[in-house]
Amino acid sequence: MSSEIELLKQLRDITGAGMMDCKKYLQKASNNIDEAVKLMRSEEGIKADKKSSRIAAEGVVYHFNSDSKCILIEVNSETDFVARSDDFISYVNECCKIILSSNILSEEDILNNIDKGFNEKFENLRKNAITKMGENIIVRRFRVFNLNDYNISGYTHNNKIGAIVCLKNQNDELGKDICMQIVASNPIAKDEKSIDESIISSEREVFKAELEKLDKKEDVKRNILEGKIKKFISENTLINQPFIKDSSQTLKQILKDNEIISYVRYQLGEGLEKKNEDFAKEVYNQIK
């Protein structure tokens, strides 16, 4: 199932079509990406709806709360002008309300959802927004959290980058600070145990290649290599990073008896072709 989800995401990035359209045409093409693209752009596909085939890489990252749930969501448009409009923000709010009124927890759940009523309502809302605003619009990704299960804090910066963190013990101020740190520093994992082994292997190979140029004994090179790996882990794991408000302490020291259960971070347009903006720098400057 995970490979099917990846294919759906790839097709959506290529064509800019909605999730349900991607699912339908991928099934017709027997999970062949190239064939699915051809079908979607044929007379029988979504060619009639030209706006749905245009790339949408602008938009918002949005944090929304209901009485019992919260959501971090990325919704894409074609231009920043539309993304900043009241109509677009209203559409994003409606999406959040519909999602939070269901049992759906992520965009993958929509793709696997057998509730045709929900799927039709959600897709019709999107198509109506496309018609009204004149641009392709895509609900790219989202995560839902139950406020009764977690002590949750959320933060978004200019609706372009955001994070949600789940803490073991409630501490709203610390929760927001951690969200801001996640937004600014973009850690690759919570701690050393959470890092994908392939990332460490890749970094190790890069460091090895650098050390090959040094005229030093092999045992010295090994020590240098291990030092570089430890530094990489320290700089890129959330709890080992210097705390954003007090660099003399790590976040692990600040947490004390508290614990980060999980977190999620979205940056607008990650993985899509669009203008690169240094949102992290903006957040650091805001704190200072």
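The set of residues in segment 183-210 being within 20 Å of the chain's Cα centre (by Cα) and surrounded by 13 or more Cβ atoms within 10 Å (Cβ to Cβ) consists of Val183, Ala184, Ser185, Asn186, Pro187, Ile188, Ala189, Lys190, Asp191, Ser194, Ile195, Ile199. All conditions in (1) hydroxyl-bearing (Ser, Thr, Tyr); (2) surrounded by fewer than 19 Cβ atoms within 10 Å (Cβ to Cβ); (3) out of contact with any helix residue (DSSP H, G or I) (no Cβ under 6 Å at 6 or more places or on another chain) hold for Thr156, with the sole exception of (2). Count, please, the residues in segment 142-153 that happen to be of a type outside the set (Phe, Trp, Tyr) and surrounded by 20 or more Cβ atoms within 10 Å (Cβ to Cβ). Number satisfying all stated conditions: 3. If you check Glu235, Glu270 for being under 30 Å from Gln10 (Cβ atoms) and surrounded by fewer than 16 Cβ atoms within 10 Å (Cβ to Cβ), only one passes: Glu270. Residues considered: Arg126, Arg141. Of these, the only one that is part of a helix (DSSP H, G or I) and either touching a Phe, Trp or Tyr at 6+ places or on another chain (Cβ under 9 Å) or not assigned by TED's automatic domain parsing to the domain that holds Lys23 (or both) is Arg126. The residue that is modelled with the lowest pLDDT, among those in segment 128-169 that are over 16 Å from Val183 (Cβ atoms) and aromatic (Phe, Trp, Tyr), is Tyr150. There is no residue in segment 209-222 that is out of contact with any strand residue (DSSP E or B) (no Cβ under 7 Å at 6 or more places or on another chain) and at pLDDT 90 or above. Looking for something touching a residue at least 12 places away in the same chain (Cβ under 8 Å), surrounded by fewer than 18 Cβ atoms within 10 Å (Cβ to Cβ), small (Gly, Ala, Ser) and closer than 29 Å to Cys22 by Cβ - is there at least one such residue anywhere in segment 117-125? No, segment 117-125 contains no residue that is touching a residue at least 12 places away in the same chain (Cβ under 8 Å), surrounded by fewer than 18 Cβ atoms within 10 Å (Cβ to Cβ), small (Gly, Ala, Ser) and closer than 29 Å to Cys22 by Cβ. Of the residues contained in segment 25-37, none is found to be at pLDDT below 80 and buried (at least 21 other Cβ atoms within 10 Å of the Cβ).
The values are calculated or read from the model by the stated rules, or taken from the named source; none is laboratory data. In this text, all values refer to a predicted model and were calculated from it rather than measured experimentally. Note that we place each Cβ from the backbone using ideal geometry, even for glycine, and neighbour counts take in every protein chain shown.
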